[in-house]
Structure formats: C-alpha cells, structure tokens
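As structure tokens, the structure follows; a few thoughts come after it.
The values are calculated or read from the model by the stated rules, or taken from the named source; none is laboratory data. Small disclaimer: the values here were computed from a predicted structure and weren't measured. Glycine also receives a Cβ, built like all others from the backbone with ideal geometry; neighbour counts cover every protein chain displayed.
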Amino acid sequence: MLCPFCRQGESKVVDSRGSQEFAIRRRRECLHCGRRFTTYEKMEESPLKVIKKDGTRVPFDRERMRIGIERACYKRPISPDQVEQVINQVEHNVYELFEREVPSRFIGEKVCEQLKMLDQVAFVRFASVYRSFQDVNDFVEELQMLRVRNKQTHDD
C-alpha cells in the first residue's frame with residue numbers, strides 16, 4: 001500500500017473496522033513519514049457467466065434454473081424443499097468448479113443427475129427439453145437407459 005503523502009510502500013495498520021457497505025475500513029500509518037491515512041477494502045464481485053450452446057454469455061441465474069426444474073417436477077410428488085436442495089447442490093457444484101464462466105451443458109447435466117436420483121419422470125421431462133429430444137425415439141432411448149440402470153441397481 002503506497003502512502004498517499006510520500007509514496008513509500010511501507011505502512012502498518014493501526015485500526016481495522018467493518019462498515020455497512022461490506023467493506024473493511026483500515027486506518028494506516030506510513031512507516032516512512034509517520035502520517036496516517038484511511039483505506040477501504042471491498043470484495044470484488046465477479047458475476048459468474050453461463051456459456052450457452054450458441055456461444056453467448058449470460059449471468060448465472062438460479063431462478064432460471066428453478067423455473068426449469070419446477071416445470072419438470074410439475075404434478076410430481078416433489079416438495080419445494082427438494083427442489084431447493086437440487087438447486088443448491090447444482091449451484092454448489094458450479095461455484096466449486098468454476099470461477100468466471102460455466103458451460104450451460106455442465107449445469108444441465110448436473111440438474112439431470114440430481115433429478116434422476118429424485119424422480120425419474122421429472123428427469124425425463126427435464127432431459128427432453130435440455131437435450132432437445134426430437135421425437136418419440138429419443139424418449140424411448142432415454143427410458144431404456146433408465147431401465148438398464150434401475151435393473152443394475154436392483155441386481156447389486
């Protein structure tokens with residue numbers, strides 16, 4: 001931290017306080033000239049961007065994710081708390097693995113994983129939109145894979 005008076009780089013913190021704007025106020029003393037000055041530290045917010053299939057970038061929006069999940073869970077025995085758990089888990093995965101940008105396919109796959117464990121009908125509904133199913137054959141293929149996985153799970 002450069003002293004604003006003598007431009008030397010050595011100073012010590014005399015007092016530190018939090019402020020209401022989520023900033024830290026620090027009172028410093030220059031070790032060269034002895035004058036005091038105040039600095040403010042504020043966390044830099046870098047909003048996470050989602051890279052869509054077409055290459056455009058949009059801000060990460062958990063409410064948009066909620067809308068898609070709630071549509072998939074419509075008239076299914078899934079509570080709002082369970083939907084919130086899915087959203088929280090996916091959001092946790094996103095922020096754990098990405099800092100600035102996350103591909104939309106990562107988010108979609110994580111939602112699919114969570115819904116597959118929660119409710120298979122909701123999973124197929126979500127997957128049909130997310131994976132852009134074109135016809136009945138796409139549904140049949142996905143359902144066959146679910147049946148194979150279910151059989152393997154029950155056989156183990």
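Results, tabulated for the structure shown:
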quantity: Among (1) more than 24 Å from ALA127 (Cα to Cα); (2) at pLDDT 90 or above - the single one VAL86 does not satisfy; calculated: (1)
quantity: Of all residues making up the range 113-129, the number that are surrounded by fewer than 18 Cβ atoms within 10 Å (Cβ to Cβ) and within 23 Å of LYS53 (Cβ to Cβ); calculated: 4
quantity: Members of the range 82-108 found to be of a type in the set (Phe, Trp, Tyr), in contact (Cβ under 8 Å) with a residue 24 or more places away in the chain and surrounded by 13 or more Cβ atoms within 10 Å (Cβ to Cβ), listed by number; calculated: PHE98
quantity: Long-range neighbours under 6 Å by Cβ, at least six apart or interchain, first residue in the same structural domain as LYS110 (by TED's automatic domain parsing) within the range 47-66, second exposed (fewer than 15 other Cβ atoms within 10 Å of the Cβ) and in a loop (DSSP other than H, G, I, E, B); calculated: PRO59/PRO47
quantity: Matching residues, the range 113-153, being at pLDDT 90 or above and within 26 Å of ARG57 (Cβ to Cβ); calculated: GLU113, GLN114, LEU115
quantity: Hey, GLU41 of a type in the set (Asp, Glu) and more than 30 Å from ARG27 (Cα to Cα) or not; calculated: no
quantity: So PRO77, is it under 13 Å from the mean Cα position of the chain (by Cα) and at pLDDT 95 or above; calculated: no
quantity: Residues that are among the basic types (Lys, Arg) and either closer than 30 Å to GLY9 by Cα or loosely packed, with under 10 Cβ neighbours inside 10 Å (or both), drawn from the range 28-81; calculated: ARG28, ARG35, ARG36, LYS42, LYS75
quantity: Residue within the range 3-23 that is in contact with a strand residue (DSSP E or B) (Cβ under 9 Å, 6 or more places away or on another chain) and either under 23 Å from PHE106 (Cα atoms) or surrounded by 15 or more Cβ atoms within 10 Å (Cβ to Cβ) (or both) present; calculated: yes
quantity: Spans of strands (runs of 3 or more DSSP E) in the range 1-73 with at least 1 residues closer than 30 Å to PHE123 by Cα and not acidic (Asp, Glu); calculated: 49-51, 57-59
